[in-house]
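Take a look at the structure below.
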Amino acid sequence: MRGSCVRFARRSAICSRRWIATIDVRSICFKTDCFLKKGPAISAPSPSDLASRGARPYPASHRAFARAQELIPGGVNSPARAFGGVGGEPIFIERADGAYLWDVDGRRYVDFIGSWGPMILGHRHPKVVAAIESALLRGTSYGAPTEGETRLAELIVEAAPTIESVRLVSSGTEATMSAIRLARGYTGREVIVKFAGNYHGHADSLLVAAGSAAATLGVPNSPGVTRGAAADTLVLNYNSVEELESAFARRGREIACVILEPIVGNMGCVRPSDAFLRALRDLTERNDSLLIFDEVITGFRVGYGGAQQLLGIRPDLTTLGKIVGGGLPMGAYGGRRDIMNRVLPAGPVFQAGTLSGNPLAVAAGIATLETLRDESPYPRLEALGARLEAGLRQAAMAASIPHTLARVGSMMTLFFHPEPVVDWPSASRCDTARYGRYFWGLLDRDVYMPCSQFEALFVSAAHSEADIDHTVAAAREALSALGS
């Protein structure tokens, strides 16, 4: 991309006119509270703007954000929450129940963020709440093994086609970081391959961008990440068989692993091509490299067996998060037994965590997975997703808005660009300023969509057809205003 700007928050304002090649979108754009844009900046709606268009201001959220900024960097504890991708100030949430959120101003929203993915059953699901309450009465953390950890591991192994052994950790970032270390320890190699627009947490070796060539050594995206930490990371374009083949032709015997989101959720919802999947498995096997599926988003989301079951590809290692913890901090990584047996104390690869297997998170995870297994909400999630997809498509077409929509089950993205999004270069051509206005148009109509063009929305089992129809009606009004 030439002539594009990457705008950071105060005191770090950068508008670079240097050539920026392929950018790891969420690493640089959304995990650092900035946004990639073309055209005019996305501006915050002022109270007078809100009043003039009949929308309600958010005074309590404004006060809460001002107070938070005095004590917390940027006023948030994870940058995507800061509304950097849509302009304006974030709303502060007071409570949640089912498919709904209530903000500190007392407004209720139909929630399609779902805490960025974990809440597939909806907020405050009674079985999950009961499990947490029961665990809480027995203590909050022991620093010792529990039978609950074994039960959760058993559920994961039963669900995932390729996981024979699994280790519990405290986040998706920790899971991917540990899986990368394990892959390097198992293979004795150092180079890893990732794909632009795929987010795998904020471990140093994964916060990198690609250069102008198809496969170049990584360059750090974030201050504090050394060139040494990023130097062994190759970044390719997603869905490019040609780039993948070139990387293995040049560096195949050095590559420890390839890590990817098997269905991307972090540059919007992007599905892999069959040819790309076949090349991934074939090239890693022929070069004795490991294939790692980052299923932090897709695990238990696109089906009980995750994306690997849906796509029919068997990775060597899998990372999990979000749903596996039932809304509490939890991650996991697992795979072939011979690989996992290299983790300490079974093997020499070190990984540890004070709160790994926390009993409250384990209880929430068990309750969530057992409910998903026993009640199988996936056919209903598919039906609700299809209903929302059809409604959003019709609304965008009626408003003559250039768009494309991608959906896999209960995750989807309405892209403000007329061509299919298959990789980060195509995603980067989306009209992010228009998405920002769309977001605010929906928020003013009590629908809470992701505050970035490059985040997938999530339908939950708690949503009703009435919620979907309300959302479509709100989208029709918001998109009509954009087209006028």
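The values are calculated or read from the model by the stated rules, or taken from the named source; none is laboratory data. Keep in mind the model is a prediction, meaning the values are calculated, not measured. Using ideal geometry, Cβ is built from the backbone for each residue, glycine included, and neighbour counts are taken over all protein chains shown.
Only one of the listed residues (GLU254, GLU242) is of a type outside the set (Phe, Trp, Tyr) and either out of contact with any strand residue (DSSP E or B) (no Cβ under 8 Å at 6 or more places or on another chain) or at pLDDT below 95 (or both). That residue is GLU242. Taking first residues from region 233-244 that are under 18 Å from ARG189 (Cα atoms) and partners that are of a type in the set (D, E, K, R) and part of a loop (DSSP other than H, G, I, E, B), the Cβ contacts under 7 Å between residues at least 6 apart in sequence or on separate chains come to VAL235/ASP24. Close Cβ contacts (under 6 Å, 6 or more residues apart or on different chains) running from residues in region 401-415 that are surrounded by fewer than 22 Cβ atoms within 10 Å (Cβ to Cβ) to residues that are among the aromatic types (Phe, Trp, Tyr) and in a strand (DSSP E or B) comprise THR404/PHE415.
If I ask for residues that are crowded, with 17+ Cβ neighbours inside 10 Å and either over 18 Å from THR432 (Cβ atoms) or not assigned by TED's automatic domain parsing to the domain that holds PRO450 (or both), which ones from region 75-88 would you list? Of everything in region 75-88, those that are crowded, with 17+ Cβ neighbours inside 10 Å and either over 18 Å from THR432 (Cβ atoms) or not assigned by TED's automatic domain parsing to the domain that holds PRO450 (or both) turn out to be GLY75, VAL76.
Would region 258-277 turn up any residue that is free of Cβ contacts under 8 Å to residues at least 24 places away in the same chain, over 16 Å from GLY201 (Cα atoms) and not in a loop (DSSP other than H, G, I, E, B)?
Residues of region 258-277 that are free of Cβ contacts under 8 Å to residues at least 24 places away in the same chain, as a first pass: 274.
Those left that are additionally over 16 Å from GLY201 (Cα atoms): 274.
Imposing the further condition that a residue be not in a loop (DSSP other than H, G, I, E, B) reduces the set to 274.
Yes, that holds for at least one residue.
With GLY357, GLY306, GLY326 as the choices, which residue is surrounded by 24 or more Cβ atoms within 10 Å (Cβ to Cβ), in contact (Cβ under 8 Å) with a residue 24 or more places away in the chain, in contact with a Phe, Trp or Tyr (Cβ under 7 Å, 6 or more places away or on another chain) and at positive phi? Even if it seems obvious, please write down each step before you answer.
Values: GLY357 fails: in contact with a Phe, Trp or Tyr (Cβ under 7 Å, 6 or more places away or on another chain); GLY326 fails: in contact with a Phe, Trp or Tyr (Cβ under 7 Å, 6 or more places away or on another chain).
It is GLY306.
Each row is one residue, and each column tells you yes or no for (1) over 19 Å from the mean Cα position of the chain (by Cα); (2) assigned to a loop (DSSP other than H, G, I, E, B).
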site: ALA307; (1), (2): no, no
site: PRO345; (1), (2): yes, yes
site: GLY353; (1), (2): yes, yes
site: GLY357; (1), (2): yes, yes
site: LEU360; (1), (2): yes, no
site: ILE366; (1), (2): yes, no
site: LEU369; (1), (2): yes, no
site: ASP374; (1), (2): yes, no
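If you scan region 386-400, which residues turn out to be surrounded by fewer than 22 Cβ atoms within 10 Å (Cβ to Cβ) and either among the aromatic types (Phe, Trp, Tyr) or assigned to a helix (DSSP H, G or I) (or both)?
From region 386-400, those surrounded by fewer than 22 Cβ atoms within 10 Å (Cβ to Cβ) are 386-387, 389-391, 393-394, 397-400; that's our starting set.
Passing the criteria: ALA386, ARG387, GLU389, ALA390, GLY391, ARG393, GLN394, MET397, ALA398.
Go through region 31-144 and tell me which helices (runs of 4 or more DSSP H), entirely inside it, have 1 or more residues that are out of contact with any helix residue (DSSP H, G or I) (no Cβ under 6 Å at 6 or more places or on another chain) and modelled with pLDDT of 95 or more.
Details: elements: 47-52, 59-71, 126-138.
Passing ranges, in order: 59-71, 126-138.
Of all the residues that make up region 427-484, how many are of a type in the set (A, V, I, L, M), in contact with a strand residue (DSSP E or B) (Cβ under 9 Å, 6 or more places away or on another chain) and assigned to a loop (DSSP other than H, G, I, E, B)? So the count comes out to 4.
Taking the conditions (1) among the small types (Gly, Ala, Ser); (2) assigned by TED's automatic domain parsing to the domain that holds ALA474; (3) in contact (Cβ under 8 Å) with a residue 24 or more places away in the chain in turn, ALA386 satisfies each one other than (3).
Would you please name the residue that is nearest to VAL169 (Cα to Cα), looking only at residues in region 333-349 that are out of contact with any strand residue (DSSP E or B) (no Cβ under 8 Å at 6 or more places or on another chain) and of a type in the set (A, V, I, L, M, F, W, C)? Checked region 333-349; the qualifying residue nearest to VAL169 (Cα to Cα) is LEU344.
Taking first residues from region 335-347 that are more than 10 Å from ASP316 (Cβ to Cβ) and partners that are among the aromatic types (Phe, Trp, Tyr), the Cβ contacts under 8 Å between residues at least 6 apart in sequence or on separate chains come to ARG342/TYR186; LEU344/PHE350.
Quick check, is ALA175 in the same structural domain as PHE300 (by TED's automatic domain parsing), under 26 Å from GLY268 (Cα atoms) and either modelled with pLDDT of 95 or more or acidic (Asp, Glu) (or both)? Full working, then the answer.
Details: in the same structural domain as PHE300 (by TED's automatic domain parsing): yes; under 26 Å from GLY268 (Cα atoms): yes; either modelled with pLDDT of 95 or more or acidic (Asp, Glu) (or both): yes.
Yes: the conditions hold for ALA175.
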